[in-house]
Amino acid sequence: MHHSKTLARLALATALVGSAGSAAFSADISFLRFFGDCQTEYGTVTDVAAANGECGIITVLTNKFNAENTIGAKVVTQTVDWGAYYDQLTATYSTGNIPDVAVMHSSVLPNFSDRDLLTPLGDAFAAAGIDTADFVPAALKNATTKDTLYALPYDLHALLFHVNTDLMKEAGFVNDDGTVRLPTSPEEMLSMGREFKEKTGKYFIAAESQSSEGMMVRLWQSFMWQQGVDVLAADGKTASINTPEGQKAADLIKALYDEGLANTALDYPGAEQAFLNGEAGILINGTWVVDSYNAQAASGEATLKNYQVANVPPIFGASKVWADSHMWVMPKDESRTPEEAEAAMAFMKFLNDNNFQWARTGHLSVRQSVIDSPEFAALPHRGEYSATAENATALPAVQNQRAIFAAMYSDFNAMWLTGTSSADALSAMQDSVDQILRRNR
Amino acid sequence: MTRAGSSVTRAPGTAFLFLAPFLAVYAVFLVYPLFKGIWISLHDWELAGGYREYIGFLNYEDLWFDKLFWRTVRNTLLFVAMTVPTMTLLALVLALAVHGPGRVKSVLRSVFFLSSVFSVSVVTLIWSMVLSADQGLLVPLWDAMGIKPINFLGHPTLAMPSIALATLWWGVGLPMALFLAALGQIPQELYEAAELDHAPRFTVLRRITLPSIRHTVLLVVVLQIIGQFQIFGQVHLMTQGGPANRTRTMVQYIYDTGFRDWQVGYASAMAMALFVLMFGFSMLQLWLGRKGDEA
Amino acid sequence: MSSAFRTGTGRATDWILLGATVVFSILWLLPIIWVVAMSLKPNAELMRSTAGFLPVPFTFDNYIGITKLATVPRWLMHSFVVAASMTAMVLIVSSLAGYAFARLDFPFKRTLFLLTLAGLMVPEQAVFIPLFTMFADWGMHNTHAALVMPRVAVPIGVFLMTQFFRAVPRELEEAAELDHASHFTIFRRIMLPLSVPALTTLGLFTFIFAWNDFLWPLVSATRADMFTVTVGLASIQGNFAFSEGLGSVMASAVFASLPIVILFLIFQRFIVAGVALGTGK
């Protein structure tokens, strides 16, 4: 079977080799992703080195593949807003436009793989020459369920403390060697925050605090792991939310808002703007913006001038931080032709080959060869958060992660949005999550 | 109302031909789905992956104990209470103000109806910007006065009134048109008589105008209740149900449950509950209206 | 002057009330004016400040950007096709059924009419999930047909046309009946022309309704190249678009709304008049 296919393709290719510019076959690959739409800026760019940020780099990589591939494959991208992405992806299974390549978080993979909605990729990777041994073990594990490989791991991302060195210096928190002093206990976090506010008049912490992305829930989850508690059990049946550890972590976060050390009014772009405008000392965000902020600080156009990154500190004892992972999957589609499948695989291989470029965003690479490379080591700020790769703790592969997460941040954010007590918030969270977990099979 | 009496011709064959298109579409796209929806609500049915399991009334039982569901019911009722009276009143006041001949009034009528013509996503775009805490319309005003701008859409108590405000701006056109039509039907003689008596303006309003249009008021209220119960777009796009579920409405919960959490069976059960609730309210309203007529 | 208010000495009050209404109408329009102004300013400027009702500094770039990408024009095309088809079908189906209910007698007529009225009570949310599964089974999502068909059987259309036809004086048809004209001929030659005002209003409201339809297109037209205006504009309201390309987003909203606004301005006379007909006394 394999032989005849290869022969057939060879014959086809030979037959067409004379005609200028025509491809062996022409396949449109539909590509579904978030990461934003920056067609106006990068629509025609194919030089990856000129791209910055997640949107820029993935757009340019796509353009480059389209321009340079020799099999006549064309990637057609559909971008979806992050919040609506999985709604859209799920809908495609019913509405007949199942994408050929799609991005997926490792935390969400089980929902799809358990329902047999993804194409197993192990054999295809081998055929395409993707070396799975090069992936760090954790990444490979995340992409595998029930011993079947369903995804191409692409990055590991985690929470970070993005620091405005100048403001921290003003507050007296910068050591002689230029590194920044960060709190190592909840009490210290609050006392440093108060001191910061007194000395600089600005917010100590900036973070997305409104209703759509739950940044603080991720911080809270990190604090739970730091105390040795798993928020979600590995079997996906129980959650440990309303516990003394949960209470301690929630109290700290609530206190930050109550004492005016963090601004409740910020949504995601607002938090970024506040940080770039020099209105906050520390921005709680992730690895995906390191390159962006670096470029902005260097450009001189932002108020932020001296920018550094730090691992989320072991405020509650252990060095653990929330992490997730981006992967590329091939949703199952009976109507996909072999040409389309091959083209999609070629695209995936291309993305894998360019993993380093993606790592330029700030995300941690999942390929050992990239991590060990000198180019990677030379990327700005990476040394400042190299420990994050080890501290990264992912949520267990459990179903309905999104619903769980949405339920969590709805109830959690109430602590500062509506003044709910931490006890009430945690109790509500526990109830909501339990209700969802009851449906996990 | 009908002058010609009921002189209809007996013509079953022709009637069938005339009715067939409507009945066919009606049966396939309204009647059948309604029953299918009830059927789905009796299952644990997933959006993707083909999992279907008959569970009887378990979804309804879950619904009864679902705290978030009752929260959305409360929010929806609150929203209806907030918008229906104000919308009706505003539409009436505007209709009274712009009723009558003249170029100016004609332009005014267009202005107030214009906002109804936009899509919900245009309205939410406009109002999300207007109400934004750092880029909003009134921010320069707050800044000049030294007041910290309020984050309307993120504020626990102000979020829903903000959505109500946007909804008012968007929706007043149709009720206003209904009132205008009704005002136009009031016989002139009634006003002329009042003029002869030198009746003060307000008495005219109270004794002549309002009673004459009371059927329209009832119609507007019923239509508004039906409409506002179904609120989805504004909430989905402006607040996503936040902050902390303060603005989460029933339809939004149905959408999230079905299309985000894949629980189509549970979502169907919720949709049925919404249907029953709306039906009950409309019936109540109509019954009250009829009682008012008899009074 | 408005008869509802006028009395002998009320002239001054009339003017004051009118003036107040005019002021209110200006406030009413402010959000629109502001958005249009923003659409005509450069994105960079808007990142600094969004204040101001005058588009200074001025730029057409946002609009030019829209016309260069096929996105917004494609949304418009889809919205037009769907709205126009839906309107045409609703008018045909409703007028045919309305004539039958108003002028013909047949078994189960009363039952069928009540059944139709009952449909008025069913909200779209009670049926959109089953409709979704039905169209998924038929493999018909992301088509114009999927966006149009579920909306064609609107009880309100049938109800309006029935009311209208009932009110038409019998004499007009009796002449034709003496000539042994078929019902279809009567319908076509007499009733339809008479009902142009009602049809115009029904058509107008249907068109606007189709244009603004959100929930159903949101779940059915999920491919970006099938988005209608409403769904398309909703898709660009995510965080990202707002912080970077404010001017472009505003321009998209304005551009996408122009057709319906123009339509409204042309046909606005029919709206109030039509509403009067519909609630026919």
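Assuming charge only on the beta carbon of Lys and Arg (+1) and of Asp and Glu (-1), the dipole of region A:113-166 about its Cα centre is about 160 debye to the nearest 20. Of all DSSP beta bridges located in chain A, what percent are antiparallel, nearest 5? Antiparallel: roughly 60 percent of the beta bridges in chain A.
For region B:9-42 versus region B:89-117, the spacing of their alpha-carbon centroids is 39 Å. Note on B:171-181: average number of Cβ atoms from other chains within 10 Å of each residue's Cβ is 4. Principal-axis analysis of the Cα atoms of chain A puts helix A:53-68 at an angle of about 10° to the longest axis.
Between residue C:188 and residue A:295, the distance separating the two model label sites (each 7 Å from Cα on the Cα→Cβ line) works out to 6.5 nm. Angle of helix A:244-258 to the longest C-alpha principal axis of chain A, folded into 0 to 90 degrees and rounded to 10: 80°.
Proximity of backbone amide H atoms, modeled 1.01 Å from N, is registered between residue A:118 and A:332 at under 5 Å, excluding neighbours fewer than 5 places apart on the same chain. For the pair region A:212-249 and region A:132-203, the centres of their Cα atoms are 17 angstrom apart. Computed over chain A with a Gaussian network model linking Cα atoms closer than 10 Å, the most mobile of A:151, A:233, A:344 is A:233.
A simple rule links phi to the HN-Hα coupling: the Karplus curve 6.51 cos²θ - 1.76 cosθ + 1.60 with θ = phi - 60°, which for region B:53-62 gives 9, 6, 10, x, 8, 4, 4, 5, 5, 4 Hz, with x for Gly and Pro. Protection proxy ranking for B:29-38, C:148-157, using the average of other Cβ atoms within 10 Å per residue and placing the highest first: C:148-157, B:29-38.
When chain A is treated as a Gaussian network with alpha carbon springs shorter than 10 Å, the biggest mean-square fluctuation among A:226, A:78, A:399 belongs to A:78. Here's the picture: a label point sits 7 Å out from the Cα of residue C:105 along the beta-carbon direction, and within region C:128-163 the residues with their amide nitrogen under 20 Å of it are C:162-163.
Compared with the dominant Cα axis of chain C, that is its longest principal axis, helix C:109-119 is turned about 10°. Among B:222, B:251, B:204, the largest mean-square fluctuation in a Gaussian network model of chain B, built with springs joining Cα atoms closer than 10 Å, belongs to B:204. Kirkwood's formula applied to the C-alpha pairs of region A:93-147 gives a hydrodynamic radius of 12.7 angstrom. Label chain A by shape, choosing from rounded, prolate and oblate, from the square roots a ≥ b ≥ c of the eigenvalues of the Cα gyration tensor; if a/c is under 1.5 it is rounded, and otherwise prolate applies when a/b is larger than b/c, oblate when it is not. Because a/c hits 1.5 or more and a/b exceeds b/c, chain A counts as prolate. The aspartates and glutamates whose alpha-carbon is closer than 16 Å to the alpha-carbon of residue A:64, local same-chain residues fewer than 8 away aside, are A:28, A:41, A:47, A:54, A:353. How large is Rg/Rh for region B:1-153, to two decimals, with Cα atoms and a Kirkwood Rh? Computed over Cα atoms, the ratio is 1.13. Within the straight-line cut-off of under 19 Å between alpha carbons, the aspartates and glutamates reachable from residue A:202 are A:166, A:170, A:188, A:258, A:259, A:267, A:272, A:279, B:134, B:143, sequence neighbours fewer than 8 places apart in one chain being disregarded. Using equal-weight Cα scatterers in the Debye expression, the normalised intensity of the protein assembly as shown in log10 at q = 0.07, 0.09, 0.10 Å⁻¹ is -0.68, -1.08, -1.29. Taking every DSSP bridge with both residues inside the protein assembly as shown, close to 65 percent are antiparallel.
Here the Karplus curve 6.51 cos²θ - 1.76 cosθ + 1.60, taken at θ = phi - 60°, turns the phi angles of region B:23-28 into couplings of 4, 4, 5, 4, 5, 6 Hz, with x standing for Gly and Pro.
Summary value for chain B: 29 percent relative contact order, contacts being C-alpha pairs under 8 angstrom separated by 6+ residues. In this calculation the C-beta distance from residue C:175 to residue B:67 is compared with R0 = 60 Å, giving a FRET efficiency of 0.35. For chain B, the orientation-averaged shadow of the C-alpha convex hull comes to 23.7 nm² (one quarter of the hull surface).
Once the Cα-Cα distance is subtracted from the 0.36 nm per residue extended length, the residue A:431 to residue A:335 segment shows a gain of 30.4 nm. Note on A:162, B:99, B:198: ascending count of other Cβ atoms within 10 Å places them as B:198, B:99, A:162, the fewest first.
Take each residue of peptide B:103-111, count the partner chain Cβ atoms within 10 Å of its Cβ, and average: the result is 4. Amide H contacts under 5 Å for residue B:43: B:55, restricted to partners 5 or more places along the chain or on a different chain, H placed in the peptide plane at 1.01 Å from N. Is region A:233-326 rounded, prolate or oblate when judged by the Cα gyration tensor, a ≥ b ≥ c being the square roots of its eigenvalues, rounded requiring a/c under 1.5 and prolate requiring a/b larger than b/c? Since a/c reaches 1.5 and a/b is larger than b/c, the shape of region A:233-326 is classed as prolate.
Here the simple spin-label model places points 7 Å from the Cα toward Cβ, and for residue A:67 and residue A:247 these points are separated by 6.0 nm.
Exposure proxy for C:190, A:241: other Cβ atoms within 10 Å of each Cβ, ordered fewest to most, give C:190, A:241. Please identify the chymotrypsin sites (Phe, Trp or Tyr not before Pro) of region B:98-192 that satisfy two criteria: DSSP loop assignment and at most 15 other Cβ atoms within 10 Å. Which are they? Nothing satisfies the criteria.
Remark: spin-label model distance residue C:261-residue A:126 equals 6.2 nm, labels positioned 7 Å along the Cα→Cβ axis. Taking every residue in C:210-219 and counting other chain Cβ atoms within 10 Å of its Cβ, the average works out to 5.
Please say if chain C is rounded, prolate or oblate, where rounded means a/c under 1.5 for a ≥ b ≥ c the square roots of the C-alpha gyration tensor eigenvalues, and otherwise the choice is prolate for a/b larger than b/c and oblate otherwise? It is oblate, given that a/c is not under 1.5 and a/b is not larger than b/c. Close amide H contacts of residue A:28 (hydrogens built in the peptide plane, cut-off under 5 Å, sequence separation of 5 or more or a different chain): A:74.
FYI, it's all coordinate maths here, none of it is from the lab. Computed from a predicted structure; not experimentally measured. Here the Cβ is made from the backbone with ideal geometry for all residues, glycine too, and neighbour counts use every protein chain on show.
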